[in-house]
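Only one structure is covered here, and it is reproduced in the block below.
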Amino acid sequence: LGQLRDERRILRAVIDRLSAAGGIAAAGILGAMTVAVLYDVAMRDLFNAPTVWAYEVVYLLTGSHFLLGLAYTLRQGEHIRIDVVAGRFSRRTQTWIDVFGTVFFLWPMVGLILYEAWPWFVRAWISEEVSPSAGGLILWPAKILVPIGFALLGLQSISELVKRIAF
């Protein structure tokens with residue numbers, strides 16, 4: 001029994017570190033996104049020379065930031081909750097609401113998105129899909145982040161569920 005607890009603790013620590021790495025990557029992307037926005041605005045407004053690729057880079061970085069930050073946000077307990085309602089319940093009841101929500105809402109959503117996103121990415125990769133804009137960007141690097149982001153979210157939800165059940 002003690003060994004099982006240690007293994008669960010190690011698994012949770014590994015998952016939490018993966019989520020933290022996603023959060024760090026999301027923070028780094030935010031910096032790159034800021035630079036790209038500044039470049040796009042400067043080219044468009046100061047030099048009257050807008051570039052389509054800069055807009056697309058900002059668009060793709062925004063999605064990447066969101067996707068890589070999903071698991072980290074869950075780990076930090078910052079996802080949207082209905083605190084007005086849940087705040088009236090005991091900590092134990094709130095924990096059961098989290099368990100129920102994870103099993104019956106979060107996991108099916110994560111599973112469905114992974115089921116749909118993986119072939120979507122593979123098609124983009126095999127076909128070397130590019131955006132339809134002039135000088136279009138390669139899209140598969142952005143599309144792989146959908147299954148990665150939701151896989152990390154699913155893993156983090158397992159870690160959170162174990163923590164809730166242990167509570």
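The values are calculated or read from the model by the stated rules, or taken from the named source; none is laboratory data. Quick caveat, the model's predicted, so the values are computed rather than measured. Heads up, the Cβs are rebuilt from the backbone with ideal geometry, glycines too, and the neighbour counts pull from every protein chain shown. Note: accessible area is taken over every heavy atom of the protein model, side chains too, but ligands, DNA and RNA are not part of it. Shrake-Rupley method; radii C 1.70, N 1.55, O 1.52, S 1.80 Å.
To the nearest 0.05, what FRET efficiency results for Ala49 and Glu128 with a Förster distance of 30 Å applied to their C-beta separation?
Plugging the Cβ-Cβ distance into 1/(1 + (r/R0)^6) gives 0.55.
In the P(r) worked out for the chain, what percent of Cα pairs fall beyond 25 Å? Could you put the intermediate results ahead of the total?
Numbers: 6412 of 13861 pairs.
For the chain, the fraction of Cα-Cα distances above 25 Å is 46 percent.
With every protein chain present, what is the per residue accessible area of region 113-167 (1.4 Å probe, Å²)?
On a per-residue basis, 57 Å².
Work out, in µm²/s and without decimals, the Stokes-Einstein translational diffusion coefficient of region 1-86 at 10 °C, 1.306 mPa s, Rh from Kirkwood over C-alpha pairs.
In µm²/s, the coefficient is 102.
Quick check for me: using +1 on Lys/Arg Cβ and -1 on Asp/Glu Cβ, what's the dipole size of the chain about its Cα centre, in debye to the nearest 20?
Using Cβ point charges on Lys, Arg, Asp and Glu, the chain gives about 860 debye.
Give me the Kirkwood hydrodynamic radius of region 64-156 in Å, from all C-alpha pairs, to one decimal place?
This gives a value of 15.2 Å.
Run the simple label-point estimate for Ala13 and Val41 please: 7 Å along Cα→C-beta, distance reported in nm.
My value for the distance between the label points is 4.4 nm.
Could you derive backbone 3J(HN,Hα) for region 151-167 from the dihedral phi with the Karplus parameters 6.51, -1.76 and 1.60 (θ = phi - 60°), listing whole Hz in sequence and x where the residue is Gly or Pro?
Calculated HN-Hα couplings, in order: 5, 5, 4, x, 4, 5, 5, 5, 4, 5, 5, 4, 5, 5, 5, 5, 5 Hz.
Kindly provide the helix-only [θ] at 222 nm of the chain, computed as the sum of -39,500 (n - 2.57) over DSSP H runs of four or more divided by all residues, to the nearest 500 deg cm²/dmol? Write out the running numbers ahead of the final one.
Working: 7 runs with 125 residues, N = 167.
Estimated from H runs of four or more residues: -25500 deg cm²/dmol.
Please list, in order along region 122-138, the HN-Hα scalar couplings obtained from phi with the Karplus expression 6.51 cos²θ - 1.76 cosθ + 1.60 (θ = phi - 60°), rounded to whole Hz, x for Gly and Pro.
These are the phi-based 3J(HN,Hα) values: 4, 4, 5, 5, 5, 7, 6, 4, 10, 5, x, 5, 4, x, x, 7, 5 Hz.
Using +1 on the beta carbon of Lys and Arg, -1 on that of Asp and Glu, and nothing else charged, what's the dipole of region 84-151 about the Cα centre, debye to 20?
420 debye
For a quick check of your reading of the filter: which GluC sites (Glu not before Pro) in region 22-117 sit in a DSSP loop and have no more than 10 other Cβ atoms within 10 Å?
On the way: sites: Glu56, Glu78, Glu116; in loops: Glu78.
Those that pass, being in a loop and sparsely packed, are Glu78.
Enumerate the calculated ³J(HN,Hα) couplings along region 106-116 in order (Karplus 6.51 cos²θ - 1.76 cosθ + 1.60, θ = phi - 60°), each rounded to whole Hz, writing x wherever the residue is Gly or Pro.
Once θ is set to phi - 60°, the couplings for region 106-116 become 5, 4, x, 5, 4, x, 5, 5, 4, 4, 7 Hz.
Once Lys and Arg get +1 and Asp and Glu get -1 on their Cβ, which of Thr73, Val110, Val99 lies farthest toward the positive end of the dipole of region 36-167?
Farthest towards the positive end: Val99.
Which percent of the accessible heavy-atom area of region 60-136 goes to carbon and sulfur, probe 1.4 angstrom?
On the way: 3690 of 5510 Å².
That share works out to 67 percent.
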